[in-house]
Amino acid sequence: MKMKWIWTGVLMMALFACKTTQPVAEKTKATTLIPGGPAWAALWQQQSGEYKALCLQAYQLAALRLDQYLANKGDKPLAVVTDIDETVLDNSPYSVHQALAGKSYDDKSWMEWTAKAAADTVPGAPAFFKYAASKGVKVFYITNRAESERAVTLKNLQQYQFPDADDQHLLLKTTTSGKESRRQQVLQQYDIALLFGDNLSDFAAIFDRKPTTERNAATLQAAASFGSRFIVLPNPMYGDWEGALYNFQYKLTTQQKDSVMQSRLRNY
C-alpha cells in the first residue's frame, strides 16, 4: 500500500511538471493591413455580386441623370468626364499579384501590368459610355496614368469599344496628380454633365490631398452633388482615403504605414 502511494505521488508530480512547462499560448495578433489587405478587397471586387450591383446601380443612375441634362442642355455641347482605373477598367488582378508577393504598389510593377492591356471592364461602364456617345455626348478620360502608358491605355479601352478612346480625349497626368486643370480644359468647350470616379479627387479640387477629417467634411458639404453630378464607383483596394490616413507620406515603410492604419481602426 505504501509503495502504491509513492508511485501515485510521483505520477502527480510528473503531470504537474508537464503542465507547468507547456508554453503559454500567445494572443492572436491582428493581421497586417499592408500589404495583405488589398487582396481581401480585390477578392470582394472580383467575386461578390454586391460589387457588381453597386457598379450597375451607379451607371444606371448616371443614365437617368444624363437624360435629364440632355433635356435641359445649354449652348455648349455636353461631355462626361471619367477616371479610368477602378471606374471603367478593373485592375484588381494587379492588387492580388502584389499582395500575394508581400508587396505594395510601385511604378515599375504597375507599368508591367498596364503594358499587358489586360484589365477587364467595370460592370456597367461600357454600356453607359456607349449610350452617352449615342446621344452625342463626348467622353473624356482624365487619368493619372503616365504619358508612357498612353498607347497601352488606349489599346485596353479600344478592345472594349469605349467611345472617344483616342489621343484627343485621353488626358494623362502631366506635372501634378490634381485633375482640376484638366477638367477646366474640357470646360473650355463643353458643359460637363457628369463626372465619374472611385476617388474623391476625381470630382473636385476641394478633395485634393486633404487629411481624413477634411475629406470627410468636404464630402458632407458636397452631399447634393453625389448621385446628381458625381457618380462614385467602389474601390476598397487603394486610393487617397488610404494616403490621407498617414498624411500622404508615401515614403514611410510598410511597417510604419501599417502601424498608422492599425491605430485608426475603431474597436470595442
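The values are calculated or read from the model by the stated rules, or taken from the named source; none is laboratory data. Owing to the predicted nature of the structure, the values given are computational and were not obtained by experimental measurement. Note that each Cβ is placed from the backbone with ideal geometry, even for glycine, and that neighbours are counted across all protein chains shown.
Among the residues making up the range 154-187, those that are part of a helix (DSSP H, G or I) and over 22 Å from GLY239 (Cβ atoms) are LEU154, LYS155, GLN158, ASP167, GLN168, HIS169, GLN184, GLN185, VAL186, LEU187.
The residue that is surrounded by the most Cβ atoms within 10 Å (Cβ to Cβ), counting only those in the range 57-75 that are among the polar types (S, T, N, Q) and under 15 Å from ARG229 (Cβ atoms), is GLN68.
Figure legend. Inter-residue proximity from the range 124-153: first residues part of a helix (DSSP H, G or I) and crowded, with 20+ Cβ neighbours inside 10 Å, second residues at pLDDT 95 or above and basic (Lys, Arg), beta-carbon distance below 9 Å, spacing 6+ or different chains. Indicated pairs: ALA132/LYS138; THR153/ARG145. Exactly one residue among ASP107, ASP120 is farther than 27 Å from THR254 by Cβ, of a type in the set (D, E, K, R), surrounded by fewer than 17 Cβ atoms within 10 Å (Cβ to Cβ) and within 17 Å of the chain's Cα centre (by Cα), and that residue is ASP120. Tell me, yes or no, whether the range 232-250 has at least one residue that is modelled with pLDDT of 95 or more, part of a loop (DSSP other than H, G, I, E, B) and more than 19 Å from the chain's Cα centre (by Cα). Looking through the range 232-250, none of the residues is modelled with pLDDT of 95 or more, part of a loop (DSSP other than H, G, I, E, B) and more than 19 Å from the chain's Cα centre (by Cα).
Determine if the range 154-161 includes at least one residue that is at pLDDT 95 or above and in contact with a Cys (Cβ under 7 Å, 6 or more places away or on another chain). Among the residues of the range 154-161, not one is at pLDDT 95 or above and in contact with a Cys (Cβ under 7 Å, 6 or more places away or on another chain), which makes the answer no.
Looking at the range 188-198, which of its residues are under 17 Å from ALA62 (Cα atoms) and not charged (D, E, K, R)? Of everything in the range 188-198, those that are under 17 Å from ALA62 (Cα atoms) and not charged (D, E, K, R) turn out to be ILE192, ALA193, LEU194, LEU195, PHE196, GLY197. Kindly establish whether LEU220 is assigned to a helix (DSSP H, G or I), touching a strand residue (DSSP E or B) at 6+ places or on another chain (Cβ under 8 Å) and not basic (Lys, Arg). Taking the combined requirement at face value, the residue does not satisfy it. Are any residues in the range 172-199 out of contact with any strand residue (DSSP E or B) (no Cβ under 8 Å at 6 or more places or on another chain) and closer than 25 Å to GLN249 by Cα, and if so, which ones? Scanning the range 172-199 gives LEU172, LYS173, THR174, THR175, THR176, SER177, GLY178, GLU180, SER181, ASN199.
Do you know which residues across the range 64-116 are of a type in the set (Asp, Glu), assigned to a loop (DSSP other than H, G, I, E, B) and under 17 Å from LEU172 (Cβ atoms)? First the steps, then the outcome.
Here is the first cut: in the range 64-116, the ones of a type in the set (Asp, Glu) are 67, 75, 83, 85-86, 90, 106-107, 112.
Now narrow it down to the ones that are assigned to a loop (DSSP other than H, G, I, E, B): 75, 83, 86, 106.
Answer for the range 64-116, where residues must be of a type in the set (Asp, Glu), assigned to a loop (DSSP other than H, G, I, E, B) and under 17 Å from LEU172 (Cβ atoms): ASP83, GLU86.
Are any of the residues in the range 188-201 in a helix (DSSP H, G or I), touching a Gly at 6+ places or on another chain (Cβ under 8 Å) and not aliphatic (A, V, I, L, M)?
Taking the range 188-201 first, the residues in a helix (DSSP H, G or I) are 200-201.
Subset that is touching a Gly at 6+ places or on another chain (Cβ under 8 Å): 201.
Filter again for not aliphatic (A, V, I, L, M), leaving 201.
Within the range 188-201, one or more residues are in a helix (DSSP H, G or I), touching a Gly at 6+ places or on another chain (Cβ under 8 Å) and not aliphatic (A, V, I, L, M).
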